[in-house]
Structures are given as C-alpha cells and as structure tokens.
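**Q** After the structure tokens below, expect a handful of questions from me.
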2 protein chains.
Amino acid sequence: MTQPETSALAHENLSADELLDAWNVLGPDERAEGFLSLARDEALDCFARLPARDQAELLLHLPLVERRLWLRQLEPDDAADVVQEAPEEARSRLLELLDEPTRREVTALLAYAEDDAGGLMSPRFARLRPEMTVDEAITYLRRQARERLETIYYLYVLDPEQRLLGVLSFRDLFAAPPDKTIEQIMSTHVVAVTEDMDQEEVSRLFHEHGHLAVPVLDAERRVKGIVTVDDVLDVVEEEATEDFHRIAATGVVPSLAAASLRTLYQKRVGWLLLLVFVNIFSGAGLAYFEDTIAAAVTLVFFLPLLIDSAGNAGSQSATLMVRALATGDVQVGEWVRLLGRELTVALALGATMAAAVALLGLYRGGPPIALVVATTMALVVLVGSVIGMLFPIALSYLDLDPATASTPLITSIADIAGVLIYFSLARWLLGL
Amino acid sequence: MTQPETSALAHENLSADELLDAWNVLGPDERAEGFLSLARDEALDCFARLPARDQAELLLHLPLVERRLWLRQLEPDDAADVVQEAPEEARSRLLELLDEPTRREVTALLAYAEDDAGGLMSPRFARLRPEMTVDEAITYLRRQARERLETIYYLYVLDPEQRLLGVLSFRDLFAAPPDKTIEQIMSTHVVAVTEDMDQEEVSRLFHEHGHLAVPVLDAERRVKGIVTVDDVLDVVEEEATEDFHRIAATGVVPSLAAASLRTLYQKRVGWLLLLVFVNIFSGAGLAYFEDTIAAAVTLVFFLPLLIDSAGNAGSQSATLMVRALATGDVQVGEWVRLLGRELTVALALGATMAAAVALLGLYRGGPPIALVVATTMALVVLVGSVIGMLFPIALSYLDLDPATASTPLITSIADIAGVLIYFSLARWLLGL
C-alpha cells in the first residue's frame with residue numbers, strides 16, 4: 001500500500017497536494033523529509049493547510065533553523081495552538097524559538113482555556129483613536145498593513161485605557177469623507193464577547209450576526225484581542241465532531257486518523273461497559289418474566305423488533321433535540337411546547353408501527369399475540385420518543401452537555417421500558 | 001405559556017433580542033406585527049439575524065411597501081435564498097419587487113442548485129484590470145466601496161473576457177508602492193471553485209486554506225461570482241445537521257422548531273418501518289432457535305446485553321468513520337489501514353467486554369453459560385465494529401452519503417449477527 005506514496009515522495013517536484021494526500025500513511029520522519037523537499041511556495045501552502053496538531057509534530061522533526069523559521073511564520077494565536085498541541089516537555093523549547101514580544105503574546109494566550117473566546121483570539125488588531133480624521137486613519141493603516149496584524153478590515157476605536165468606544169469596518173472608513181473624524185463615523189452598537197465566553201456561544205454569535213471579527217473584552221471593557229471568522233469555522237466543525245462522538249457514546253476523538261489505538265480503546269471501552277451495566281436491567285426484566293416466556297416462547301420472536309423500535313424512535317427524537325439545542329434552533333425553555341409536539345408525532349408513529357406489526361403478529365401468533373404486540377409497539381414508540389426528547393433537555397437544565405444523552409444510552413433505557421411493557425401486557429392480556 | 005410573550009410584544013420599546021426570543025411561539029401575523037413595531041435600527045438587526053426561511057415568511061406577511069423595502073436590503077445571493085424559501089406561488093411576486101438589474105442577478109442565481117458553489121455565490125465582487133496602477137486601483141475601489149459589493153477585501157484581476165488572471169487582497173494592494181501595476185503585485189496562485197462544486201467540498205476548501213472568499217469559475221475560467229466565508233459558516237452547520245439526522249435515521253429536518261408535525265411524522269416513519277423489516281430477521285433467527293431457547297431459558301437473560309453491545313460497538317465505529325470522512329480527516333482509500341486499526345481496537349474491546357460478562361455469566365448460569373456468553377460477546381463486539389466501520393466506506397464507494405449507514409441500521413444488522421452467533425454457539429457448546 002505505501003509503495004506508490006514512497007516513490008511519489010522520491011519525486012523531484014513534489015507538490016503540497018501530493019504530500020498532504022500521502023500524509024496519513026507517512027511516519028513523522030518521512031513527513032519532515034517530504035516537507036523539506038518542497039519548493040518554497042509549495043511548502044508555505046502545505047504548512048498553512050496542516051492542522052495545528054500536525055504542524056506541532058512536523059516542527060519537532062525539522063532541523064532547528066527550519067523549526068524557528070516555520071514557527072515564526074505563524075500568527076500568535078496559531079502559534080499558541082501549535083505550542084498547546086506539542087507534548088508537554090517540548091513546549092518551552094518551542095516558545096524559546098519565538099522573538100521576545102511574540103513569546104510574551106503567545107504565553108498570555110496560553111493562559112486561556114482552549115475552548116474559551118480568549119483561547120481563540122489574536123492580540124494583533126487594528127486600533128484607532130476617536131479624534132483621528134479619516135485621512136489620518138487611512139495613512140496610519142497603510143503603514144500598519146505591512147505589519148503582522150490579524151486583519152485591517154475591522155477597526156477598533158479605543159480610549160487611552162484601551163477601553164472600547166466603537167467599531168468601524170475598513171470599508172466604512174474608506175468610503176467616508178476624508179476630513180470627518182473617526183468618532184463621527186464609528187458605530188457604537190458593537191457586538192463583543194467576553195474572555196471566558198464558551199467557543200460554542202462565540203460561534204453562534206458569528207452565525208447570527210455574520211461578522212468577520214468580534215472584539216474580546218475583559219470586565220472593564222478593555223479590548224484584549226479579536227476573534228476572526230476563520231477561527232470560528234474550525235470551532236463549528238470541532239464542536240459538531242464532539243457532539244457526533246458524544247451522541248454515539250464514543251468519547252470525543254479529535255482525529256480518528258491521528259488517534260493512537262490505545263486512545264481509541266480507552267475512549268470506547270468506558271461507555272461500552274457502562275451500557276452493559278444498563279443492559280443488565282433489561283436482562284433482569286427478562287429473568288423476572290421467565291415463566292411468561294417459557295409459557296409462550298413465540299413472544300421472544302417479537303422481542304428484538306419491539307425493543308429496537310423503542311430505541312430507534314428514542315434515538316430519532318434525542319438526535320433532533322440535541323442538534324436543535326446545539327444550533328440554537330430551539331431553546332430549553334420551550335420544552336412544554338416541544339413535548340406537546342413530540343407526543344402528537346409519537347402517537348401517530350406508534351399507531352402506524354402498531355398496524356404494521358399487528359399483521360405480523362396475526363400471521364405468526366394469532367389474534368391474542370397480535371393484540372399484545374401491537375399495543376406494546378404503540379406504547380414503546382411513545383415512551384421511547386418521550387424519553388429521547390426529555391433526556392437531553394434534563395441534561396441541559398443540569399448544565400451538562402445534552403449530547404451526553406447518547407443514542408446507545410437512550411436505546412438501552414428504552415429497551416428496559418420495552419421489556420417491562422411487553423411482558424406485563426402479555427401476562428395480563430394472555431392471562432399467563 | 002404565550003401570555004408573557006404577548007405582553008412583551010405590546011411593550012413600547014421592543015428590542016430585536018426580545019422579538020427573536022419569542023419568535024418560535026408567535027404566529028406569522030404576530031411576528032409581522034412585532035417586527036413593524038421595532039425601531040429602525042432594531043428592525044435592521046432583527047431582519048439580518050433571521051434565517052432565510054423566516055425572512056421569506058415575514059416578508060409575505062408585511063404590507064407591500066415594507067416588503068419591497070426589506071427585500072431590497074438584501075444582497076443578491078441572500079435575496080435568492082429568500083425567494084427559494086418562499087412558497088412556489090409567491091416567488092414571482094417577490095422577484096417583481098426587485099429593481100431590474102438585481103432581478104436579473106437573482107434569477108441567474110436561482111438557476112443554480114441550492115447546494116452547489118453557484119447557489120452560494122454573490123455576483124457582486126471587486127474587479128481590477130492588470131494594467132491599473134496601485135494608486136488607480138485604490139481610487140477606483142474607494143468609489144466602489146460605497147456601492148453594494150459583497151466585499152472589497154479580495155480583488156479579482158480579469159482580462160476583457162472576464163477570465164481570471166490573478167487575485168490580491170485589499171491589504172496587499174494597500175501596502176504596495178503606489179506606482180506598481182496590479183499585474184506586478186497580484187498572485188497567480190489562485191484557489192478557485194467551479195460552479196457545480198458541492199457546497200460540502202467548498203467548505204472543506206475554506207477550512208483548509210483559511211481564505212475569506214474564493215472565486216467561482218465556469219469552464220472557460222470566467223469569474224461568475226465569489227463565495228464568502230460567512231456563507232460557508234452556514235453551510236458547515238447545515239451539513240453537520242444533515243449528517244446528524246441521517247446517522248440517527250431521522251430523515252433530514254432543516255429546523256425542528258419550524259417543521260410541521262406532518263413533516264416530522266413523514267421523515268421519521270419511513271426509517272422506523274424499514275428498521276422493523278430488518279428486525280424481522282432477528283426475530284426469524286430467534287424463531288429458528290426456539291428449541292434451544294426453550295431448553296435453556298436463562299440464555300434469554302443475556303440476549304439484550306449481547307445484541308446491544310454488538311450494536312453499540314458498531315454505532316461507535318460507524319460514527320467515528322462517518323464523521324472522519326465528512327471532515328476529510330480520513331480518506332476512503334485508506335480503508336485497509338483503517339480496517340487493521342479497527343480490528344486491533346475491537347479485539348481489545350471484545351476481550352474486555354467478554355471478561356466483564358463472564359463474571360455475570362458465572363453468577364447467573366454457571367461455567368458453561370459463562371463460556372458461551374463471554375465467547376459470544378468477544379465475537380459480536382468484533383463483528384459489530386467491523387460492520388460499523390466498513391458500511392460507511394462501502395456507501396462512499398457507491399457514491400452514496402456515508403451517513404446513510406445510520407446507527408439504528410447498524411444496530412439492527414448487528415442484532416441479527418448477534419442472535420445467530422449467540423444461539424449457534426449455545427447449541428454447539430452446550431449440546432442443546
């Protein structure tokens with residue numbers, strides 16, 4: 001399998017695309033070797049496209065001179081991400097390669113939690129004073145455009161204590177009459193975030209307002225930095241991945257390609273064992289009804305069908321709810337209205353499913369069995385759906401992540417309900 | 001429930017935040033009424049924050065003068081989205097409200113599939129000629145900045161046939177010596193997309209390159225428009241929602257809050273019925289082993305536990321794979337390597353799970369039952385994991401969405417395998 005990639009790497013004119021395509025099957029040293037063989041502009045392209053985790057690994061496998069060169073290419077917020085992704089013992093070695101002012105900026109950023117607004121922000125934003133004229137501001141920015149600012153497209157107007165007075169886009173500035181002052185054209189209606197705002201909330205704000213950047217303020221309204229939309233794009237993807245993994249009860253795995261086998265085992269085994277524990281209750285339910293089962297073994301035939309349907313209906317409603325809460329499509333406070341809707345839909349689903357299995361019940365067990373199976377189906381679809389809908393909402397109220405209501409957990413809980421409902425009904429209706 | 005919101009709406013100084021918080025519980029006429037009572041800047045804020053679907057509904061409930069005013073606020077790509085979200089019969093009425101050139105732009109955009117690059121793009125981008133000087137270009141853009149261009153921050157250099165020659169950021173232009181020509185400072189290394197590129201691929205490109213905009217080219221390299229990063233933010237969220245819903249086998253529901261009960265029923269019932277059909281095979285498996293079950297009813301106790309574990313392991317590996325394929329973390333072509341990794345992890349998981357249930361088996365059924373249960377567990381975790389991993393890859397090879405390998409479907413398939421493995425082993429090892 002690796003033969004063609006290895007020979008591709010031996011090629012004289014390796015491109016960034018070729019190297020990146022082969023990336024996952026290469027070892028760290030081969031990656032570094034391939035990277036060093038790239039032409040200058042291809043190397044720039046390749047480095048920019050690697051995730052921070054891979055940048056960190058690559059840097060640590062490059063010769064010292066190259067390592068310094070590439071680390072210094074990065075904006076402080078990106079450099080902070082790389083340092084964070086490097087193994088603990090290598091971090092100070094990387095920090096030492098930065099020039100003094102950048103090292104100070106990066107160290108300050110490292111103090112923020114990775115998934116807070118502070119952990120996303122860049123300290124290099126464009127500052128204006130309110131009394132500048134439009135012409136002065138343009139001249140000033142023209143000089144700044146050559147410097148390493150994160151963006152010159154959003155401009156922040158600060159007082160001498162670095163407190164935010166207003167904001168304007170470069171485009172507003174550019175289109176304004178040259179002799180107006182910044183104060184006259186700035187907007188004081190500013191969308192801003194606090195340092196400790198969760199990155200999921202930050203991304204929802206971007207989504208709603210469509211801005212390219214927002215300022216990050218401390219408790220005294222001093223601007224600490226800005227978060228730009230390209231960082232938020234990564235956040236949206238990262239948060240969706242986390243929810244995906246949580247809802248399937250796989251522990252969060254940032255990258256399947258990069259995770260060690262040990263990590264994958266550890267992430268998955270905990271949930272699987274916990275679910276076995278939950279499933280013991282279904283087993284206990286079955287044991288409790290052992291006589292009923294022995295008296296009518298045909299009932300077992302319908303068991304997977306009924307308990308899986310309960311679990312499936314529950315997975316559907318849980319997933320709809322978890323995602324709608326995550327995107328802000330619905331609010332936790334609406335739960336009474338949502339429960340009403342869910343009950344209506346689940347009743348209709350249950351009725352349809354009951355009709356479908358009634359036929360099957362008639363065919364395989366006769367009218368009494370059909371009655372038990374159909375009634376059970378209607379009930380378990382209803383119960384499963386309501387559990388699936390309410391569980392994420394309950395977690396939200398407890399300030400836990402709603403996605404922790406994973407579909408395997410919902411399925412296992414619905415199974416217990418299914419076993420109890422099924423055999424209780426059978427015992428009662430069939431007089432077993 | 002609606003009482004407090006209704007009185008909030010009666011309030012003199014309603015804010016955009018208050019109206020949007022109450023949005024989901026209001027009827028269309030109440031929404032329009034609330035919107036019309038907002039102060040000018042609050043109304044602007046509110047309208048900008050509504051999704052296209054809600055903008056369309058709101059517009060159709062506003063008086064004609066207001067409807068024209070608000071529709072004309074929109075950029076052509078956003079106006080096209082609104083027209084697309086309006087009911088079929090209302091679309092031409094909305095289009096007629098636009099001025100002639102905008103109507104032509106919007107109509108052209110409507111011809112593109114909604115989830116192609118063409119459906120995302122804006123036709124209003126900044127064009128430069130290669131022979132302009134930096135100073136001329138800045139003067140030209142200063143005039144353009146007042147016009148309704150989507151962005152002036154990325155500039156596209158075109159030949160007289162509108163073919164793309166190069167690109168530069170406004171910032172590069174701004175920092176360049178005034179007498180250089182555009183041709184001298186532009187970059188010819190352009191990341192571009194084609195009109196029919198799928199929006200998921202477009203968003204992956206943004207993610208990788210971190211640009212704020214990319215040009216959309218036709219077959220002759222003519223620039224048809226640009227896609228900007230804020231549109232891509234919506235795409236990333238929308239695509240994640242679709243995958244979430246597919247993987248839980250709930251048909252794709254763009255908005256849980258806005259979906260009618262009928263839609264929710266229709267989206268969910270098809271999958272539930274299909275899964276019942278799949279589950280009949282588990283039932284048939286159980287019927288086939290009826291004698292074995294009757295001879296050792298204790299075996300039924302372990303049934304939910306074993307088949308659920310197979311399904312859970314399968315859901316885990318399917319979810320990891322579906323998400324890793326969607327984000328580009330792994331490629332379909334790597335499947336041999338990934339299968340090797342999955343087998344190793346699944347063996348370790350199976351061994352751990354087997355040890356856990358062996359104890360339970362000993363306690364509830366004695367050594368022979370424990371042997372059957374533990375061996376079954378190791379096998380079903382392995383089989384479930386491999387099915388979960390390979391199924392999405394197989395779908396990818398068939399050009400289907402890997403997320404169609406929904407976890408309920410994987411669970412049902414794993415159930416069938418579980419039933420067959422469990423009772424075959426029991427029959428063989430216990431001599432039943």
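Just so it is clear, none of the values below were taken in a lab; they were calculated from the coordinates. Keep in mind the model is a prediction, meaning the values are calculated, not measured. Heads up, the Cβs are rebuilt from the backbone with ideal geometry, glycines too, and the neighbour counts pull from every protein chain shown.
**Q** Translational diffusion coefficient of region B:87-156 at 10 °C, 1.306 mPa s, Stokes-Einstein with Kirkwood Rh over Cα pairs, in µm²/s as a whole number.
**A** 110 µm²/s
**Q** So for region B:28-115, considering every pair of alpha-carbon atoms, how many percent are separated by more than 24 Å?
**A** On the way: 537 of 3828 pairs.
Considering region B:28-115, 14 percent of its Cα-Cα pairs are separated by more than 24 Å.
**Q** Assuming 0.36 nm per residue, please report the length gained on full extension of the stretch A:Glu290 to A:Asp172 beyond their Cα-Cα distance. Mind showing how you got there, number by number?
**A** Numbers: separation 118, 0.36 × 118 = 42.48 nm, distance 7.70 nm.
The A:Glu290-A:Asp172 span can extend by a further 34.8 nm.
**Q** Can you list residues from other chains, or at least 5 along the same chain, whose modelled amide H is less than 5 Å from the amide H of A:Val330?
**A** A:Leu325
**Q** Which residue of chain B is nearest the rotation axis onto chain A, counting by its Cβ, and what is the distance in whole Å?
**A** For chain B, the closest residue to the axis carrying it onto A is B:Ala240, 2.
**Q** Taking the Cβ of B:Arg427 as the center, what net charge do the other residues with Cβ under 15 Å away carry, scoring Lys and Arg +1 and Asp and Glu -1?
**A** In short, -2.
**Q** Right, next: Sorted from largest down, what three extents in whole angstroms do the Cα atoms of chain B have along their principal axes?
**A** Dimensions of chain B along the principal axes of its Cα atoms: 90, 60, 34 Å.
**Q** If you don't mind, another one. Inter-copy label distances at A:Leu64, 7 Å along the Cα→beta-carbon direction, one decimal in nm, shortest first?
**A** 8.0
**Q** Taking a label point 7 Å from Cα toward Cβ, how far is B:Asp291 from its twins in the other copies, in nm, shortest first?
**A** 2.8
**Q** How many percent of the alpha carbon pairs in region B:41-165 exceed a separation of 25 Å?
**A** Details: 2596 of 7750 pairs.
Here the long-distance tail beyond 25 Å is 33 percent of all Cα pairs in region B:41-165.
**Q** Show the residues, 5+ positions off or on another chain, whose built amide H is closer than 5 Å to the amide H of A:Gly166.
**A** A:Val157
**Q** Per residue of region A:295-312, in order, report the coupling 6.51 cos²θ - 1.76 cosθ + 1.60 (Karplus, θ = phi - 60°) as ³J(HN,Hα) in whole Hz, putting x for Gly and Pro.
**A** Result, ordered by residue: 6, 9, 4, 3, 4, 4, 3, 8, 4, x, 4, 6, 6, 5, 5, 4, x, 5 Hz.
**Q** May I ask you to derive the relative contact order of region B:1-155, considering only C-alpha pairs under 8 Å and at least 6 residues apart, and to give it as an integer percent? Please list the in-between numbers first.
**A** Details: 124 pairs, mean separation 23.7, N = 155.
Taking the mean separation of contacting Cα pairs over the length of region B:1-155, I get 15 percent.
**Q** Per residue, how big is the convex hull around the C-alpha atoms of the protein assembly as shown? Give it to me in cubic angstrom, could you?
**A** Details: hull volume 157.8 nm³, N = 864.
Taking the convex hull of the Cα positions in the protein assembly as shown, it is 183 Å³ per residue.
**Q** A further question on this structure: Explain nothing, just compute: Karplus ³J(HN,Hα) = 6.51 cos²θ - 1.76 cosθ + 1.60, θ = phi - 60°, for every residue of region A:197-209 in order, whole Hz, x for Gly and Pro.
**A** Once θ is set to phi - 60°, the couplings for region A:197-209 become 5, 5, 4, 5, 5, 4, 5, 5, 5, 4, 4, 6, 9 Hz.
**Q** Per-residue HN-Hα couplings for region A:257-266, Karplus 6.51 cos²θ - 1.76 cosθ + 1.60 at θ = phi - 60°, whole Hz, x for Gly and Pro?
**A** Result, rounded to whole Hz: 5, 8, 5, 6, 4, 4, 4, 4, 4, 4.
**Q** DSSP loop (so not H, G, I, E, B), at most 16 other Cβ within 10 Å: list which GluC sites (Glu not before Pro) in region B:132-171 pass both filters. Before the final figure, lay out the partial values.
**A** Numbers: sites: B:Glu136, B:Glu147, B:Glu150, B:Glu161; in loops: B:Glu147, B:Glu150, B:Glu161.
Sparse-neighbourhood loop GluC sites (Glu not before Pro): B:Glu147, B:Glu161.
**Q** Within 11 Å, Cβ to Cβ, of A:Val345, how many net charges do the neighbouring residues add up to if Lys/Arg are +1 and Asp/Glu are -1? Mind dumping the intermediate values first?
**A** On the way: positive: A:Arg341, B:Arg262, B:Lys267, B:Arg268; negative: A:Glu342.
Value of the local net charge: +3.
**Q** Can you give the calculated 222 nm mean residue ellipticity of chain A, where each DSSP H run of n ≥ 4 adds -39,500 (n - 2.57) and the sum is split over every residue, rounded to the nearest 500 deg cm²/dmol? Before the final figure, lay out the partial values.
**A** Numbers: 21 runs with 283 residues, N = 432.
Mean residue ellipticity at 222 nm (helix-derived): -21000 deg cm²/dmol.
**Q** At 7 Å along Cα-to-Cβ for each site, give me the label-to-label distance between A:Ser424 and A:Ala258 in nm.
**A** 5.0 nm
**Q** Taking amide hydrogens as modeled 1.01 Å from N in the peptide plane, which residues meet the under 5 Å criterion relative to A:Ile226, leaving out close sequence neighbours?
**A** Answer set, sorted by chain and number: A:Ser122, A:Arg124, A:Val216.
**Q** Can I ask one more? Any idea how far the Cα center of region B:128-175 sits from the one of region A:40-112, in Å?
**A** One Cα centre to the other: 33 Å.
**Q** Let me ask another. Find the relative contact order for chain B and round it to a whole percent, using C-alpha pairs within less than 8 Å whose residues are 6+ positions apart. Present the calculation step by step, with values, prior to reporting the outcome.
**A** Values: 583 pairs, mean separation 48.3, N = 432.
With pairs under 8 Å counted, the relative contact order is 11 percent.
**Q** Something else about it: Hey, if you put +1 on the Cβ of every Lys and Arg and -1 on every Asp and Glu Cβ in region A:29-176, which of A:Tyr154, A:Leu141, A:Ala90 ends up farthest toward the positive end of that dipole?
**A** A:Leu141
**Q** Residue farthest toward the positive end of the dipole of the protein assembly as shown, with Cβ of Lys/Arg at +1 and Asp/Glu at -1: which of B:Ala52, A:Thr319, B:Leu62?
**A** Farthest along the dipole direction, towards plus: A:Thr319.
**Q** If Lys and Arg each add +1 and Asp and Glu each add -1, what is the summed charge of the other residues whose beta carbon sits under 9 Å from the beta carbon of A:Asp415?
**A** On the way: positive: none; negative: A:Asp308, B:Asp308.
Surrounding charge for A:Asp415 is -2.
**Q** Roughly how many nanometres apart are two label points built 7 Å out from the Cα toward the Cβ at B:Ser37 and A:Leu398?
**A** Using points 7 Å along Cα→Cβ, the separation is 4.0 nm.
**Q** Quick check on the protein assembly as shown: of the DSSP beta bridges with both residues there, what percent are antiparallel, nearest 5%?
**A** Values: 30 of 42 bridges.
Antiparallel: roughly 70 percent of the beta bridges in the protein assembly as shown.
**Q** Let me ask you something else. For label points placed 7 Å from Cα toward Cβ, what is the shortest-first list of nm distances from B:Leu110 to its copies?
**A** The answer, with the shortest distance listed first, is 5.7 nm.
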